[in-house]
Amino acid sequence: MVKWAAVMEMLLLTAAATAVAVVAAQCDPEQLSACVSPIFYGTAPSESCCSNLRAQQKEGCLCQYAKDPTYASYVNNTNARKTIAACGIPIPSC
């Protein structure tokens, strides 16, 4: 019985670690490369940019980027907010 409980605990821990890794893998800032021009220069976002933003927003990535010092200045700038709004995505409140 003790061995069975230990095996189940290991399986649960492994499953939880795998789930976290999968979520982290889905938040890929390179997915937003189609949005470079709108974010930096304020141009209109392409459909590719908008679809990538929508996918990243659904995964909660925009908030992760906003809190990450590496990406925060890009995600929190005025053009980024305009791009998000132009794509019809609500500005996340993180």
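Taken together, the values in this text are just the output of simple stated rules run on the coordinates, not laboratory data. This is a predicted model, so every value here is computed, not measured. Glycine gets a Cβ as well: all are built from the backbone with ideal geometry, and neighbour counts include every protein chain shown.
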Tabulated pairs, the stretch 30-52, first closer than 13 Å to Val75 by Cα and touching a residue at least 60 places away in the same chain (Cβ under 8 Å), second among the polar types (S, T, N, Q) and buried (at least 20 other Cβ atoms within 10 Å of the Cβ), C-beta under 9 angstrom, 6+ apart or interchain: none
Tabulated pairs, the stretch 67-84, first over 19 Å from Cys49 (Cβ atoms), second assigned to a helix (DSSP H, G or I), C-beta under 8 angstrom, 6+ apart or interchain: Ala72/Tyr65; Ala72/Ala66
Single residue of Ile89, Ile84 found to be surrounded by 15 or more Cβ atoms within 10 Å (Cβ to Cβ), β-branched (Val, Ile, Thr) and not in a loop (DSSP other than H, G, I, E, B): Ile84
